[in-house]
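Since the structure comes first, as structure tokens, the remarks are kept for the end.
The values are calculated or read from the model by the stated rules, or taken from the named source; none is laboratory data. Worth saying up front: this structure is predicted, and the values here are computed from it rather than measured. Positions of Cβ are generated from backbone atoms using ideal geometry, with glycine treated the same way; all protein chains shown enter the neighbour counts.
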Amino acid sequence: MNLYVIYPEITVLVLALALIIIDLLLPSEETRRPLGYITILVLSILAISLFWQYHLTISAYFYQGLFYYDNYAIFFKQLFLLAVILTVLFSLQYIDTMKYSSEFYSMILFALTGMMILASANDFLTFFIGLELMTISFYALSGFGLTNKKSSEAAIKYLIIGSLSTAVTLYGISLIYGTAHSFDFAVVCKNPEFFSALGIAGMMMITAGIFFKMSIIPFHMWAPDTYEGAPVPVTGLLAMGSKAAAIAVFMRILFEAFFPAADYFMPVLAVFSAICMIGGNIAAMKQKNIKRMLAYSSIAQAGYMMVGICAASPQGLKGVLFYAFLYVLANTGAFAVVTVVALEKKGTDYEQFTALSQSAPVLAMVMSVSLLSMAGIPPTAGFAGKLYLFMAVVEHGYLWLAFVGFIMSMLSVYYYLKVVRVMYTGKSDGSTITISGAVRAAVLISMTATVVFGVWPQYLSMLTDFAAITFLR
Amino acid sequence: MSYFAKIFILLIAATIFPIMAMIVPLIIQPRQPNKEKNSQYECGVDTVGRNIIRYRISYFLYAIIFVVFDVETIFLFPWAVKFNDLGLFALVEMFIFAGILAIGLAYAWKKGALTWK
């Protein structure tokens with residue numbers, strides 16, 4: 001029993017419980033801002049300490065293979081930590097306006113624990129526990145706007161459809177256990193009985209459950225409504241954390257548990273990915289609300305990341321990791337701006353963004369850079385990410401998929417630039433938005449990183465190479 | 001496969017039995033309807049008003065807090081039975097587990113979930 005392997009999870013969990021205790025001890029009229037600072041500090045130290053955990057060959061198991069700790073898992077853990085740190089950083093002010101702000105921090109940390117467990121899951125039971133820990137925390141988080149009807153609607157919708165998908169996943173796991181007589185990924189893939197009709201039905205059900213979390217198109221119906229209604233920081237975390245965690249565990253399941261069937265999976269995934277890119281981008285064009293637009297754009301982004309999975313090579317995986325990372329950066333930039341605007345103007349429609357360049361030039365600039373990165377325009381990191389993804393998939397022979405990706409990226413520029421046009425034209429009402437230091441720090445970190453990784457992708461790509469190659473041995 | 005065949009037989013039996021329990025009385029019962037017999041709650045009190053009413057949310061809070069203790073008991077039983085074999089590690093583990101639940105209870109208490117408003 002080497003507990004050392006799960007120290008990131010233990011740290012986050014202890015932090016979450018400590019926040020609850022501190023909240024109980026603090027007088028109720030006191031501000032809860034220090035809890036946010038503690039969260040950021042502890043998570044930052046944890047994220048940096050994980051850099052020393054990368055190893056060339058050694059991978060550690062915890063508790064008889066239930067939990068796997070390799071470079072791939074460490075990379076994703078850092079990614080989730082970064083997403084949560086930046087989200088908390090830009091939403092400190094937003095969280096202060098909530099009634100239960102300390103619970104909000106704790107719930108975010110519980111969701112983070114779930115994501116980190118998912119990244120390390122090496123067994124269908126661990127996978128299920130991580131998935132549920134993450135999702136149940138997100139049900140509660142999306143309903144945190146207690147006075148807002150839309151927030152309740154978002155939470156209820158997410159809860160009902162989420163429970164359904166959980167049930168489907170669980171049913172799939174039970175079918176796989178029935179045929180392969182094990183939960184362990186490494187054991188499951190070696191059992192020849194696994195490829196019976198029942199086993200394949202189980203694989204499909206698990207895949208459908210994960211696709212729901214990734215909001216791949218036939219399973220995406222909850223996403224726009226939930227994204228619109230949930231508090232803005234939660235929307236940001238749903239789009240980055242929840243999605244990246246689902247992708248992390250999906251790749252692990254696909255290339256370990258379903259590995260003998262992976263070749264049959266690829267054409268199916270390619271079709272899903274194409275549907276996602278086409279549907280997400282076209283639906284995003286006619287949205288009037290920025291959060292809804294970002295929801296549809298995140299569906300399209302999930303499609304781009306699936307392109308890398310279709311390649312089924314270390315290059316493709318590396319592309320996915322790279323893209324997931326810079327998607328987190330671009331998303332924090334965009335959602336930080338949306339958070340500030342939602343607080344100041346009480347809304348997230350396009351009108352609220354009119355002439356943002358005059359009331360808050362920094363925010364308008366960050367928003368533009370983030371959106372251009374999502375669209376994949378060269379000086380930003382989005383370009384490098386898409387380059388890796390499409391190069392990998394073309395090498396694997398899916399030329400048509402790369403073409404769909406190219407065309408859809410071009411179309412996506414239209415609706416991303418529509419936001420930029422709204423921000424830089426129009427009449428200002430003369431008001432200026434004051435930006436707190438924390439928000440300024442978050443947006444500047446995300447923008448700088450987006451540009452730096454766009455111009456010098458090799459620094460990040462070294463890390464992703466490392467994670468991808470040790471994963472696909 | 002024989003292992004699952006047993007479950008399948010159980011499934012069929014479980015489906016047939018309630019259906020039979022409904023069909024057989026239909027065939028053999030004597031029919032003598034009267035007003036009292038046709039009322040919805042023959043053996044209870046007649047309902048008053050609509051059935052859709054608001055329940056106090058406090059009921060649910062109590063129920064949830066009760067579940068916390070339920071789960072704790074479920075884990076404590078097997079632990080207590082095997083306590084001698086498990087040793088110090090399990091003792092510490094169980095204290096951590098109970099501690100987390102205690103934090104939950106303390107939270108509910110402080111936030112006023114236990115007071116009937």
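A few comments on the model shown:
- Scanning the stretch A:1-37 for residues that are closer than 26 Å to residue A:86 by Cβ, over 26 Å from the mean Cα position of the chain (by Cα) and at the interface with another protein chain (Cβ under 10 Å from one of its Cβ atoms) yields A:21, A:23.
- The criterion of being within 14 Å of chain B (Cβ to nearest Cβ) and aliphatic (A, V, I, L, M) does not hold for residue A:50.
- Within the stretch A:209-241, being among the hydrophobic types (A, V, I, L, M, F, W, C) and more than 22 Å from residue A:85 (Cα to Cα) holds for A:210, A:211, A:212, A:216, A:217, A:219, A:221, A:222, A:223.
- Residues in the stretch B:79-107 that are surrounded by 14 or more Cβ atoms within 10 Å (Cβ to Cβ) and within 18 Å of residue B:62 (Cβ to Cβ) were compared, and the one that is farthest from the chain's Cα centre (by Cα) is B:107.
- Matching entry among B:3, B:55 (being within 14 Å of chain A (Cβ to nearest Cβ) and either loosely packed, with under 10 Cβ neighbours inside 10 Å or part of a loop (DSSP other than H, G, I, E, B) (or both)): B:3
- Looking only at the stretch A:138-165, and only at residues there that are under 20 Å from the mean Cα position of the chain (by Cα) and among the hydrophobic types (A, V, I, L, M, F, W, C), the one that is farthest from the other protein chains (Cβ to nearest Cβ): A:161
- As a summary of the residue check, residue B:110 satisfies the conditions (1) within 14 Å of chain A (Cβ to nearest Cβ); (2) within 21 Å of the chain's Cα centre (by Cα) except for the one numbered (2).
- Hits in the stretch B:72-107 - residues which are within 14 Å of chain A (Cβ to nearest Cβ) and either of a type in the set (Ser, Thr, Tyr) or not in a helix (DSSP H, G or I) (or both): B:87, B:107
- All helices (runs of 4 or more DSSP H) inside the stretch A:309-423 with 1 or more residues being polar (S, T, N, Q): A:314-345, A:356-359, A:361-375
- Looking across the stretch A:166-195, the residues that are surrounded by fewer than 22 Cβ atoms within 10 Å (Cβ to Cβ), more than 14 Å from chain B (Cβ to nearest Cβ) and part of a helix (DSSP H, G or I) come down to A:166, A:167, A:168, A:170, A:171, A:173, A:186, A:187, A:192, A:195.
- Test result for residue A:87, touching a Leu at 6+ places or on another chain (Cβ under 7 Å), over 26 Å from residue A:37 (Cα atoms) and among the hydroxyl-bearing types (Ser, Thr, Tyr): no
- Criterion violated by residue A:64 - all others in (1) outside any helix (DSSP H, G or I); (2) within 14 Å of chain B (Cβ to nearest Cβ); (3) of a type outside the set (D, E, K, R) satisfied: (2)
- Within the stretch A:51-61, the presence of at least one residue that is at pLDDT below 95 and closer than 10 Å to residue A:120 by Cα is confirmed.
- For the stretch A:255-299, a residue qualifies if it is part of a helix (DSSP H, G or I) and touching a strand residue (DSSP E or B) at 6+ places or on another chain (Cβ under 8 Å), and exactly one does: A:290.
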